[in-house]
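Before any comments, here is the structure.
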Amino acid sequence: MSVVESLNHRHHRLSLNLFMVVVLAHWAEHLVQAYQIWVLGWPRPQSRGVLGQFWPWLVSSEWMHYLYALVMLIGLFLLRPGFVGRARTWWTIALAIQFWHHIEHLLLLLQAQTGRFLAGEAVPTSVLQLVLPRVELHLFYNSVVFVPMVIAMYLHLRPHAAELERMACSCAAPASRPAAVAR
């Protein structure tokens, strides 16, 4: 069994849980940053989340942001084969949106590396950042990727009977598996 097959069969639930820990930690950083800006009233340059308070370069590193976007894209891609039916549809939506988010980060990284900025801006700027400030844009991106991921995982853990028959992993809640016990 290949690594990808193992991730989507015998280790699918563990793989999803580890992936969600990474996603939730990233979410927490963005939520702390939003709290620092809109509740504490900190200036945006000083609102760096938790890790950014100790390592400020993390917030301004386009490499770090790009690598996280890439990790998300790879994780969504590698774990997709384990999903079936409605859950797979929602997971694929998250993957498609993350693909675009990854392109935006690639654009930011390329600008940071070349010193040539989009639309005459003074700093690296993504396409949607031309209409939304960066903090708000990243909260938006994280939301529109996270929501379909959560829906996919919910549906994956509670499949219809036909979906359960096609699942190669044992992620489904025990209450969803009465037919499997009778076999």
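Things worth noting here:
- Taking (1) surrounded by 14 or more Cβ atoms within 10 Å (Cβ to Cβ); (2) not in a helix (DSSP H, G or I) in turn, V32 satisfies each apart from (2).
Per-residue answers, yes or no, for (1) in contact (Cβ under 8 Å) with a residue 40 or more places away in the chain; (2) of a type outside the set (F, W, Y); (3) within 19 Å of F146 (Cβ to Cβ); (4) surrounded by 15 or more Cβ atoms within 10 Å (Cβ to Cβ):
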| position | (1), (2), (3), (4) |
| --- | --- |
| F83 | yes, no, yes, yes |
| I93 | yes, yes, yes, yes |
| L108 | yes, yes, no, yes |
| A112 | yes, yes, no, yes |
| G120 | no, yes, no, no |
| L132 | no, yes, yes, no |
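- Any hit, the range 162-179, residues being surrounded by 14 or more Cβ atoms within 10 Å (Cβ to Cβ), part of a helix (DSSP H, G or I) and at pLDDT 90 or above: yes
- Top-ranked residue of the range 1-17 - restricted to ones that are outside any loop (DSSP other than H, G, I, E, B) and of a type in the set (G, A, S), ranked as nearest to M153 (Cα to Cα): S15
- Residue count for the range 23-42 under the criterion of being touching a residue at least 40 places away in the same chain (Cβ under 8 Å) and closer than 19 Å to H156 by Cα: the result is 1.
- Condition broken by M20, with the remaining ones in (1) over 17 Å from the mean Cα position of the chain (by Cα); (2) touching a residue at least 40 places away in the same chain (Cβ under 8 Å); (3) closer than 19 Å to H156 by Cα satisfied: (1)
- Filter pass, R80 being under 14 Å from the mean Cα position of the chain (by Cα), charged (D, E, K, R) and modelled with pLDDT of 95 or more: yes
- Total residues in the range 95-106, condition more than 15 Å from V23 (Cβ to Cβ), of a type in the set (A, V, I, L, M, F, W, C) and touching a residue at least 40 places away in the same chain (Cβ under 8 Å): 1
The values are calculated or read from the model by the stated rules, or taken from the named source; none is laboratory data. All values reported here derive from a predicted model rather than from experimental measurement. Note that each Cβ is placed from the backbone with ideal geometry, even for glycine, and that neighbours are counted across all protein chains shown.
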